[in-house]
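The values are calculated or read from the model by the stated rules, or taken from the named source; none is laboratory data. These numbers come from a predicted model, not from an experiment. Virtual Cβ from ideal backbone geometry, glycine too; neighbours counted across all protein chains shown.
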Amino acid sequence: MKQHRYEQIARELSARITSGKVAVGEALPTEAALCERYAVSRYTAREALRLLREAGLITRRRRAGSTVAAAQTRGAFSLPVGSSDELFRYASGVRMVIERREPLRADARLAALLGCRRGQAWTALHGIRRSGPRARPACVISVYLHAALSGLERRIPAGGAVIYPMIEAALGVRIAWIRQRIEAAPLSADDAARLGVPAGSCGLRVLRYYHDANERLLQCSDSRHAGAQFAYEMRLRRD
């Protein structure tokens, strides 16, 4: 899924900051300079800088330009979503790194999570999501794949992949709609350790259910975020 131009520019500038190519205290190019460098409008340049400011990487002052404030994001990974396309862009930009794969049969807990019968076959993928090779984990994640996708898990590279296009290609279907649930939940000791926060810290659990046009659940992702490291934004258009 194609990113907006301002998101691409923000990612490139962010990479320069987090890699140390632009040090804390140094100035970033002005809006006018960014417009010239990337051949974009002033609005696009301004939006790119806004994303960096919201991530805590820069400060902006009127008539003083933008200054690098931190070498790493402040931890609150912001996910602005107003449509399924934006949700898919997130899936493309923040990849899952698979650490463990396992076939399983749904027990009572998993059957309740997936809304399926007990004993139904699924494949589970467990790992983390990162926005880059050196970035801190954005979340700990488990993905459950429908039995119709058996064998697909072996074709997903461990180093990171976007799964939903592979599902669509494997079955010749389209992900037609997504159901999402967000809830507060304390992090387990293992999840907290992997996210670099104390055990029992407040977490944000995001469940996403990917269905085809026939209402069949093909994929469920169960993401656990450290509460202070993730922000979820929604923009709702009034018809």
When residues of region 30-68 are limited to those that are without any contact (Cβ under 8 Å) to a residue 24 or more places away in the chain and part of a loop (DSSP other than H, G, I, E, B), the one nearest to Arg136 (Cα to Cα): Gly56
Test result for Ile58, outside the structural domain of Gln180 (by TED's automatic domain parsing) and at pLDDT 85 or above: yes
Meets criteria (over 26 Å from the mean Cα position of the chain (by Cα), modelled with pLDDT of 90 or more and not charged (D, E, K, R)) for Ala45: no
Hits in region 171-201 (condition: within 30 Å of Asn214 (Cα to Cα) and either free of Cβ contacts under 8 Å to residues at least 12 places away in the same chain or not assigned by TED's automatic domain parsing to the domain that holds Ile141 (or both)): Gly172
Enumeration of residues in region 148-182 that are assigned to a loop (DSSP other than H, G, I, E, B), exposed (fewer than 15 other Cβ atoms within 10 Å of the Cβ) and either of a type in the set (S, T, N, Q) or at pLDDT 85 or above (or both): Ser150, Gly151, Gly172, Arg174, Ala176
Per-region count, region 14-47, residues surrounded by fewer than 17 Cβ atoms within 10 Å (Cβ to Cβ) and not aromatic (Phe, Trp, Tyr): 19
Out of Ala108, Ala121, Ala70, Ala112, sole residue that is modelled with pLDDT of 75 or more, surrounded by fewer than 16 Cβ atoms within 10 Å (Cβ to Cβ) and closer than 17 Å to Ser14 by Cα: Ala70
Any hit, region 161-184, residues being of a type in the set (Phe, Trp, Tyr) and under 15 Å from the mean Cα position of the chain (by Cα): yes
Breaking point among (1) in a strand (DSSP E or B); (2) at pLDDT 90 or above; (3) under 19 Å from Leu218 (Cβ atoms), for Ile128: (3)
Qualifying residue in region 207-220 (condition: of a type in the set (S, T, N, Q), surrounded by 16 or more Cβ atoms within 10 Å (Cβ to Cβ) and either farther than 15 Å from His126 by Cα or in contact (Cβ under 8 Å) with a residue 24 or more places away in the chain (or both)): yes
